[in-house]
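Encoded as C-alpha cells, the structure appears first; notes follow it.
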Ligand code: SDX
C-alpha cells in the first residue's frame, strides 16, 4: 500500500465535501437550509421557494420567485415518446425502479444536457427541466400503475396543486384539490428537500464527479434512496405498522424482536446516522399527522400503533443507550396514506422532495470543481500467486 489508508466503512467518520447548503447538528437536532431553520421554512415557505433557496442560495424576491415559477411551468411536459417506456414495463413494476429509469432516460430527449462543459444557461435549463418534469413523471407512474388515463400538467396551477391534480385528477379538466392536502404536501416536500451528505446525495455527487450529466446523476441517487435503510424506510414503516396491527398490536413483542441480535427485524423509521437526539423533521411530521388526519376526517389505526411503538422504544434502555429516535420516515407514511397515496409510492414522494437538494449539491460539487470521487481500500485478499493450467486444477 502506498501511503497511509484510514479505513472508514460507511464513511461514519469521513467528511466528503465542504458544503454551504445544509447544516445538521445531530446532538441538538438542528436542521437548516442555507441558514434558515427547518421549523420556519416548514411553516412559512413553499416547496418551490425552498427549491429556489437550496439551488441558488438565497430566498427569492417576489420577481425572482415569479420568474422561477413561470419558467418551471413552461417545461412541465415530457416528450410523448417517453410513454413508450411506460408501455414496456410490467404493470406491477415498483415505482422507484420506473422513476430511476425514466429520469435517466430524460438525457436521451435532451442531448444538450450531456455536454460536460455546458454553459451556465444550458445547465440552468437542465435544472429547470428536471424540476418541472419530475411531478409529471411521478404522476404518470402512478396513473399507469392504476391503468388510468394520464392527466397532463395544468400550467395555471402552482407546482404542488398541479402535481396533486395530475395524481388525483380523474379527467382532463381540473379536479378541486383540498387546500389541506396542498399545505400538507408542501410541508412534506420541504422537510425532505435536503439533508447534507446522506447516502443518495453522496451518490449524486460521486456520479456527477465523473462529469456524468445531471439526469444520470439524479437517476443514480433515486436508486440509492430506494433501499429500506434509506428512503425506502417510509414504505417499510407502514408495512411494519400494518404487520404489528394485524398481529394484535403487541408492541412489546416487536420491540423485543428489534433488540434480538439473532432476529433480522429492525424498528423501521427509528435510528439515524447523524441525529443522536430527535430528528426535527419527525417532530414536525408527528404534529402534522394529528392535524391532517383530523382535518381530513380520517382515523388511521396505525397512527395509534406508531405512537405506542414510539413511546415503548423511547423508554427502552436498548434504544436509549443507542440513541435511537424516530426519524423522518417514521410518521411520513401515515400522512401520505391519509392523502390517498399507496404505500409503494411513498419513496417516490421522498425523491420528489429531495430533488432540489440533490440538484443543489450536484451544482455545488461541479462549481467547486471537486475531483472525481475515487476512494482507496485496505487489501485483504490473496498474496501473489502463479496461474495454474486448467488441466492441473
Ligand atoms: C433516512 O442520512 C440521512 O440523513 C438519511 C435521511 C435523509 O434525509 O436523507 O435522514 C433519510 O434514510 C432516515 C433513516 C431511515 N432508515 C430507517 O429507518 C431504517 C432503520 N434504521 C436503521 O437501519 C439505522 O438506524 C440507520 C440505517 C438509519 C443508521 O444506521 P447506522 O448509523 O449505520 O447505525 P447502525 O446500523 O450501526 O446501528 C447502531 C446500533 C446497532 O446496534 P449495536 O450493533 O450497537 O448493538 O443501533 C442498532 C444497531 O443494531 N440499531 C437498531 C436500529 N437502528 C440501529 N436496532 C433496532 N432498530 C433500529 N431501527
Convex hull of Cα atoms in the range 188-255, direction-averaged projection (nm²): 5.9
Kirkwood-type radius of the range 1-44, with distances r between different C-alpha atoms, in Å: 13.2
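Order of 362, 254 from fewest to most other C-beta atoms within 10 Å?
The most exposed by this proxy come first: 254, 362.
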Likely footprinting exposure, 330, 23, fewest C-beta neighbours within 10 Å first: 23, 330
Two-decimal log10 I(q)/I(0) for the range 349-391, as the Debye equation yields it once each C-alpha is a single scatterer, q = 0.17, 0.23 Å⁻¹: -0.71, -0.90
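Please give the contour-minus-distance gain from residue 261 to residue 239: 0.36 nm per residue of separation, less the Cα-Cα distance, rounded to one decimal in nm.
Full-extension gain reported as 5.8 nm.
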At 0.890 mPa s and 25 °C, Stokes diffusion of the range 1-96 via Kirkwood alpha-carbon radius, µm² per second: 136
Evaluated over the range 54-163, the Cα radius of gyration and Dmax, each in Å: 15.1, 45
Cα-only radius of gyration and Dmax that characterise the range 106-263, units Å: 19.7, 60
Mean-position separation - Cα centroids, the range 74-96 and the range 157-214, in angstrom: 17
Mean shadow area of the range 130-209 over all directions, Cα convex hull, nm²: 6.4
FRET efficiency estimate (nearest 0.05) - Cβ-Cβ, residue 393 to residue 56, R0 51 angstrom: 0.25
Expected-Rg normalisation [2.2 N^0.38 Å, Cα atoms] applied to the range 243-386: 1.39
For 158, 247, order by how many other beta-carbon atoms lie within 10 Å, fewest first: 247, 158
Label-point separation in nm, residue 66 to residue 322, each point 7 Å along Cα→Cβ: 5.4
Nitroxide proxy distance, nm - points 7 Å out along Cα→Cβ at residue 121 and residue 312: 6.2
Kirkwood Rh, angstrom, the range 208-308 [1 / mean 1/r, Cα pairs]: 16.1
Mean projection area, nm², convex hull over Cα of the range 57-120: 6.6
Kirkwood hydrodynamic radius of the range 168-214, from inverse mean 1/r over distinct Cα pairs, in Å: 13.9
Helical mean residue ellipticity (222 nm; -39500 (n - 2.57) per DSSP H run of 4+; nearest 500) of the chain: -17000 deg cm²/dmol
Long-range Cα-Cα pairs in the chain (distance over 33 Å), rounded percent: 34
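Read-outs throughout are calculated quantities, based only on the coordinates presented, and are distinct from any laboratory measurement. Note that the coordinates shown come from a computational prediction; the quantities given were computed from them, not determined experimentally. Cβ coordinates were reconstructed from backbone atoms using ideal geometry, including for glycine residues, and neighbour counts include every protein chain displayed.
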